[in-house]
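Notes follow once the structure below has been shown.
The values are calculated or read from the model by the stated rules, or taken from the named source; none is laboratory data. None of the values given here were measured: they were computed from a predicted structure. FYI the Cβ positions are ideal-geometry reconstructions off the backbone, even for glycines, and counts take in every protein chain you see. Only protein heavy atoms, including side chains, enter the accessible area calculation; ligands, DNA and RNA are left aside. Shrake-Rupley method; radii C 1.70, N 1.55, O 1.52, S 1.80 Å.
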Amino acid sequence: MEHTDTDPLGQGRISRVLITGAGGQLGRALAAAFAADGEVLALGRGEWDVAFPPPPGLPPVDLVLHAAAWTDVDGAEDEPQEAAAVNVGGTANAASLGAPLVAFSSDYVFDGRKHEPYVESDGPNPLSAYGRSKLHGEAAAGERAWVVRSSWLFGPTSRNFLLTMLRLGAERDEVAVVDDQCGCPTYVGHLAEATRALVELPFGLYHVAAEGECTWAEFAEAIFAEAGLGCRVRRITTAEFGAKAPRPAHSVLRSERPETPRLPHWREGLRACLDELAKA
């Protein structure tokens with residue numbers, strides 16, 4: 001997916017942006033980031049379930065930010081067709097609006113066996129139904145699209161690992177967390193701001209994830225330390241955790257494209273997210 005259109009938005013003019021999945025953590029961050037650029041048409045699942053075609057009467061838009069997704073990795077093993085309806089069919093439906101599209105994908109398109117960071121030219125090999133649905137969704141985005149692979153998203157709203165750890169850390173003395181999966185926890189606020197820069201670049205595939213890397217257990221320890229919680233982390237293996245869907249053991253994402261926006265370190269994202277939560 002390499003294209004040469006150097007001005008895909010027509011000299012950068014954006015008067016109306018449509019966001020799918022606007023009620024989720026990434027959708028909300030995108031709405032905040034693009035608010036100053038023009039009108040934002042933020043559609044949650046209640047306004048548009050992307051497994052179905054676009055609702056009638058939508059006005060023309062200059063850009064579609066497709067944040068709607070099936071994110072239940074284990075649930076996709078039991079309901080692969082439903083996951084595909086959202087992650088593949090939903091992307092095709094978003095592309096059918098005819099505007100330039102940003103489609104967000106995942107590190108789970110890789111099998112994690114490289115043991116080095118994955119770059120855009122590495123061949124995908126998803127291990128799970130979820131990963132396969134995200135990979136097929138990339139193809140469904142079409143030719144006039146930026147496909148953005150990111151990883152381990154977290155933010156101050158919705159459901160994510162950080163919020164789960166804050167809740168458990170306040171309730172328990174110890175939590176068991178997987179320590180043999182390594183990735184890049186990415187703050188949705190930073191990803192949303194990077195997306196504003198990304199849409200000034202040619203269409204194509206981009207890896208946009210936080211700097212640094214850690215395991216889930218290391219991320220949990222950092223969350224507790226930054227939040228001032230005394231909860232201990234008991235490090236366990238993926239096999240001990242027993243999740244239904246297989247996960248890549250090492251899915252760190254890096255970009256080989258020098259123009260790709262670079263995100264701050266995941267620890268900076270963690271502090272920024274905790275600051276947002278403190279304001280709520």
Per the helix-only calculation at 222 nm, which mean residue ellipticity applies to the chain, given -39500 (n - 2.57) for every DSSP H run of n ≥ 4 and division by its residues, nearest 500 deg cm²/dmol? -9000 deg cm²/dmol
Test item: Cα-centred dipole of the chain, Lys/Arg +1 and Asp/Glu -1 on Cβ, debye: 320 debye
Checking Val233, Val102, Val147 against a Gaussian network model of the chain (alpha-carbon springs below 10 Å), the top fluctuating residue turns out to be Val233
Subtracting the Cα-Cα distance from 0.36 nm times the residue separation, let me have the gained length for Asn125 to Thr164 in nm, one decimal. 11.2 nm
Within 13 Å, Cβ to Cβ, of Val148, how many net charges do the neighbouring residues add up to if Lys/Arg are +1 and Asp/Glu are -1? 0
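Report D for the stretch 48-126 in µm² per second (integer): Stokes-Einstein, Kirkwood Rh on Cα pairs, 20 °C, 1.002 mPa s.
The calculation lands on 150 µm²/s.
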Heavy atoms of Lys244 accessible to a 1.4 Å probe, total area in Å² rounded to 10: 120 Å²
Taking the stretch 149-230, which GluC sites (Glu not before Pro) meet the DSSP loop condition and have no more than 16 other C-beta atoms within 10 Å? Glu200
Efficiency of FRET between Ser96 and Thr238 - r from beta-carbon atoms, R0 35 angstrom, step 0.05: 0.35
On average, how much accessible surface per residue is there in the chain, in Å², for a 1.4 Å probe, leaving out ligands, DNA and RNA? 44 Å²
Treating cross-link reach as a plain straight distance, find the lysines whose alpha-carbon is under 27 Å from the alpha-carbon of Lys134, omitting any fewer than eight places away in the same chain. Lys114, Lys244
What does the charge count around Phe161 come to, taking other residues whose C-beta lies under 13 Å from its C-beta (Lys +1, Arg +1, Asp -1, Glu -1)? +1
Which residues qualify? For Leu205, with a placed amide H closer than 5 Å and at least 5 residues away or on another chain, they are Val147
What is the angle, in °, between the Cα long axis of helix 161-171 and the longest principal axis of the Cα atoms in the chain? Nearest 10 is fine, range 0 to 90. 30 degrees
Just to confirm the number: angle between the C-alpha axis of helix 188-198 and the first principal axis of the chain, 0 to 90 degrees, nearest 10? 30 degrees
Using a 1.4 Å probe on the protein chains only, how many percent of the accessible area of the stretch 54-128 belongs to carbon and sulfur? 50 percent
Stretched out fully, how many nm does the piece from Asp72 to Leu58 gain, at 0.36 nm a residue minus the Cα gap? 2.2 nm
Kirkwood hydrodynamic radius of the stretch 132-280, Cα pairs, Å: 16.5 Å
When the chain is fully extended, how far beyond the present Cα-Cα distance does Glu116 get from Asp173, taking 0.36 nm per residue of separation? 17.1 nm
Looking at the chain, I'd like the Rg to Rh ratio, where Rg is from alpha-carbon atoms and Rh is Kirkwood's inverse mean 1/r. 0.95
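How big is the Cα convex hull of the stretch 1-151 in projection, averaged over all directions, in nm²?
Hull-based average projected area comes out at 9.2 nm².
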